[in-house]
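Below: one structure, written as structure tokens.
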Amino acid sequence: MTINRLMRLAFLAGALCFSNALYAQVKGLIQIRAVQGDDIRSFQEGGLGLYRHDTKSDELILSQGILDFNVDLASSWSAHGVFNANQDPDVGLGFTQAYIKYQPLSNSNYKWHMRVGGFYPLMSLENPDIGWTSPYNYTNSAINSWIGEEVRTVGAEVTIKRPAKRFNSAHSFSFVGATFKGNDPAGTLLAWRGFALHDRQTTFNESVKFAPVAALNAYELRWQANQVLPFEEVDGRFGYYAGVHWDYLKKSQFRIYYYNNNGDPTTLNISTGQYAWDTRFTSAAWLYKFNNKTRLIAQVLNGKTEMGANALIDNAFYSHYLMLSHKEGKHRVSVRYDYFKVTDNDTTAFDPNASNGEGLTATWRYQLTNKLQIGVEGSALKSVAKNREPIGFNERISQQQIMLNAQWRF
């Protein structure tokens, strides 16, 4: 079954039941942004910049247009969807999530639910807001920027929860397991662009560009496009992930996941220029509340990815961030440090994939009303990528951006 057909079937069920729904909830977010970017062209425009915006974005733009709906179909069934509107790099509309959820009523001490369709694995503690956005920074961490681009579950996920209250305990645990198809090209961006810092989520069946690196002119990579279709099914194999959530009172949250797309790195779709990458990683995220106003959030991602016969491309990747956020009345201030790295482990001399960098992001948000918020963010990063010099650029670049944001919820 193709990704398109699976998504259509999931939402056909929701559409057929919508008129008989017990309850429907629709929420939305519109965010307008003014950006002072730098003159390094963004990866979205085929450039080397690791931000979403560049000097071309020095004007008012629609940075987030989100419609989030939840429809109760029956006592245990519901349909969920997140519809996104984007202005960059081109005007586009599409779903970032679309799934059916089954959550039966139970008298047992344990609870469970299942999701079927397309959705994010719940690895992130940075993005709990509407439409997988962050209430802290406007620019996501390097880890969750990449997850928003190249990682999505199109399959089935089961969660079993041990609630603290039912066991008279301070600890809650959830055990998560999923199997999926698609996501075969995940790892492409890490190899030829590296990590980036932005808040642009890829919609289903959308492509993400990267600079036309010199290695793609080599005979061995003649079929590879200089864009990625991250949710394409290439090799017909199922991937999987497993995770554990551990919550202590309302003070600490910890999540650890192992993800493996089980890709066959020798398989290629010539018509779209997409390989199946064998990508697997571990993610660990932690949120700690010092009090009701101040919290610490951290996440670490460590993995490997391979593509092509005889490990033509063999990369390890790593990233971590540390964020401190404080809320005082209608004000919230958040500061985050990011580090990211891709290590080239293969012997393919014509295709250097090594890259690394670090960034600092500071954000102030002010809640004017329940629906209207304004904010300012400044961000700076420096990065090194070995594949920049062969196309006539310096390996090392430094970037900065400042943005003003206004958002309205409905």
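The lysine pair count for region 253-410, using Cα distances under 25 Å and pairs eight or more places apart or on different chains, is 12. Charge tally around V213: other residues with Cβ under 9 Å, Lys/Arg +1 each, Asp/Glu -1 each, net +1.
Note on the chain: with a GNM built from Cα contacts shorter than 10 Å, the maximum mean-square fluctuation among I40, I391, I61 falls on I391. What stretch of the chain, leaving out the sites themselves, is the longest with no trypsin sites (Lys or Arg not before Pro) in a DSSP loop having at most 15 other Cβ atoms within 10 Å? That gives 1-221 as the longest site-free run.
Charge tally around T153: other residues with Cβ under 10 Å, Lys/Arg +1 each, Asp/Glu -1 each, net +2.
If Lys and Arg each add +1 and Asp and Glu each add -1, what is the summed charge of the other residues whose beta carbon sits under 10 Å from the beta carbon of A285? Here the charged neighbours net out to 0.
Figure note: D184, D88 ranked by solvent-accessible area, largest first, 1.4 Å probe, ligands and nucleic acids not counted: D88, D184. Under the rule a/c < 1.5 gives rounded, and otherwise a/b versus b/c splits prolate from oblate, where does region 93-193 land using the Cα gyration tensor? Prolate is the answer for region 93-193, as a/c is 1.5 or above and a/b outweighs b/c. For K165, the lysines whose Cα comes closer than 17 Å to its Cα, not counting residues fewer than 8 places off in the same chain, are K111, K250, K251. Considering only alpha-carbon pairs that sit under 8 angstrom and 6 or more positions apart, the relative contact order computed for the chain is 14 percent.
Per the 1.4 Å probe, what fraction of the accessible area of region 230-294, in percent, lies on carbon and sulfur atoms?
Here it works out to 57 percent.
Annotation: per residue accessible area for the chain equals 43 Å², rounded to a whole number [probe 1.4 Å, protein chains only].
Among the protein heavy atoms, those of S174 account for about 20 Å² of accessible surface (1.4 Å probe, every chain in place).
The values are calculated or read from the model by the stated rules, or taken from the named source; none is laboratory data. Everything numeric here is computed off the predicted structure, so don't read it as measured data. Here Cβ is always computed from backbone atoms with ideal geometry, including for glycine, and neighbour counts include all displayed protein chains. The area values use the complete protein model at the heavy-atom level, side chains included, leaving out ligands, DNA and RNA. Shrake-Rupley method; radii C 1.70, N 1.55, O 1.52, S 1.80 Å.
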